[in-house]
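The values are calculated or read from the model by the stated rules, or taken from the named source; none is laboratory data. The shown structure was predicted, so the numbers you read here are calculated from the model rather than taken from an experiment. Note that we place each Cβ from the backbone using ideal geometry, even for glycine, and neighbour counts take in every protein chain shown. Remember, those area values only see protein heavy atoms, side chains included, never the ligands or the DNA or RNA. Shrake-Rupley method; radii C 1.70, N 1.55, O 1.52, S 1.80 Å.
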Amino acid sequence: MDKELLARRINVVVDDITRIEVDAIVNAANHSLMGGGGVDGAIHRAAGPELKKACQRLRDTNWPDGLPDGEVTLTDGFKLSARYVIHTVGPVYAKTKDKSHLLANCYRNALTLAAENDCRSIAFPAVSTGIYGYPFDEAAKVVLDVLAEELPRHELDVTLCFFSDKDAEAFKMIMEEAS
Ligand code: AR6
């Protein structure tokens, strides 16, 4: 893994992702796309009711059965300063089943969709590590692997937005230790 590339290309911040000024923020949504708790709830509250209406339109058209794990779909950001919200569904953690490829798909597909929509910057929350129970350190390694693979393909400025100093410090440590 190219540690220098990662250190150069990833901004690690502690913030509320709804306040970040980037072209696209990623939402850790659920299959329904109708909002929920955690970062999903915060994004829906900050974007206003138009976001839910846009998500409903996506359900009615592109995703009648809901958004599958690892997939992404895009709406406007409405009242957010971000132009777009890229909704993704992380896997629910299960000890007995390796779902790391699904978590990697969230990040990979979000970067691709952002680039296709002419975004220059994107911010991610720590997908799946809250209500969906993915152990933070395991998730961080998946994220670092996928970013090491994908960043050379993109010119996007990537922010990883953590909700606590503890998470941001843990992530930086794992990035430092990555080989
Ligand atoms: N800004 C940045 N990060 C945040 C914010 C925020 N405003 N709020 C929470 N986090 P979670 P998941 C962090 O649970 O595990 C929802 O109900 C949080 O501390 O939001 O993918 C959905 O509808 C954690 O580190 O997402 C789904 O049902 C990270 O965001 C389910 O939760 C992810 O935590 C998705 O669960």
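Here are some notes:
- When segment 1-57 is filtered for residues that are touching a Lys or Arg at 6+ places or on another chain (Cβ under 9 Å) and free of Cβ contacts under 8 Å to residues at least 60 places away in the same chain, the ones remaining, listed by number, are 32, 33, 34, 35, 44, 46, 47, 48, 50, 51.
- Residue check for residue 109: at pLDDT 95 or above, within 21 Å of residue 159 (Cβ to Cβ) and open to solvent by less than 70 Å² (accessible area, probe 1.4 Å): yes
- Any hit, segment 107-118, residues being touching a Pro at 6+ places or on another chain (Cβ under 9 Å) and touching a residue at least 12 places away in the same chain (Cβ under 8 Å): no
- Failed criterion for residue 144 (all others in (1) out of contact with any strand residue (DSSP E or B) (no Cβ under 8 Å at 6 or more places or on another chain); (2) open to solvent by 10 Å² or more (accessible area, probe 1.4 Å) hold): (2)
- When 58, 33 are screened for being touching a His at 6+ places or on another chain (Cβ under 9 Å) and at positive phi, only 33 passes.
- Which numbered condition residue 142 fails, given (1) within 15 Å of the ligand (Cβ to nearest atom); (2) within 19 Å of residue 15 (Cβ to Cβ): (2)
- Here residue 132 clears all of (1) within 12 Å of the ligand (Cβ to nearest atom); (2) touching a Cys at 6+ places or on another chain (Cβ under 9 Å); (3) open to solvent by 50 Å² or more (accessible area, probe 1.4 Å) except the condition numbered (2).
- Considering residues of segment 92-106 that are of a type in the set (A, V, I, L, M) and open to solvent by less than 60 Å² (accessible area, probe 1.4 Å) only, the residue farthest from residue 153 (Cα to Cα): 94
- Strands (runs of 3 or more DSSP E) contained entirely in segment 83-179, each with at least 2 residues that are under 20 Å from residue 6 (Cα atoms): 121-124, 157-162
- Any chance residue 117 is in contact with a Leu (Cβ under 7 Å, 6 or more places away or on another chain) and open to solvent by 40 Å² or more (accessible area, probe 1.4 Å): yes
- Just one of the listed residues (89, 158) is away from the ligand (no atom under 14 Å from the Cβ), open to solvent by less than 10 Å² (accessible area, probe 1.4 Å) and under 16 Å from the mean Cα position of the chain (by Cα), namely 158.
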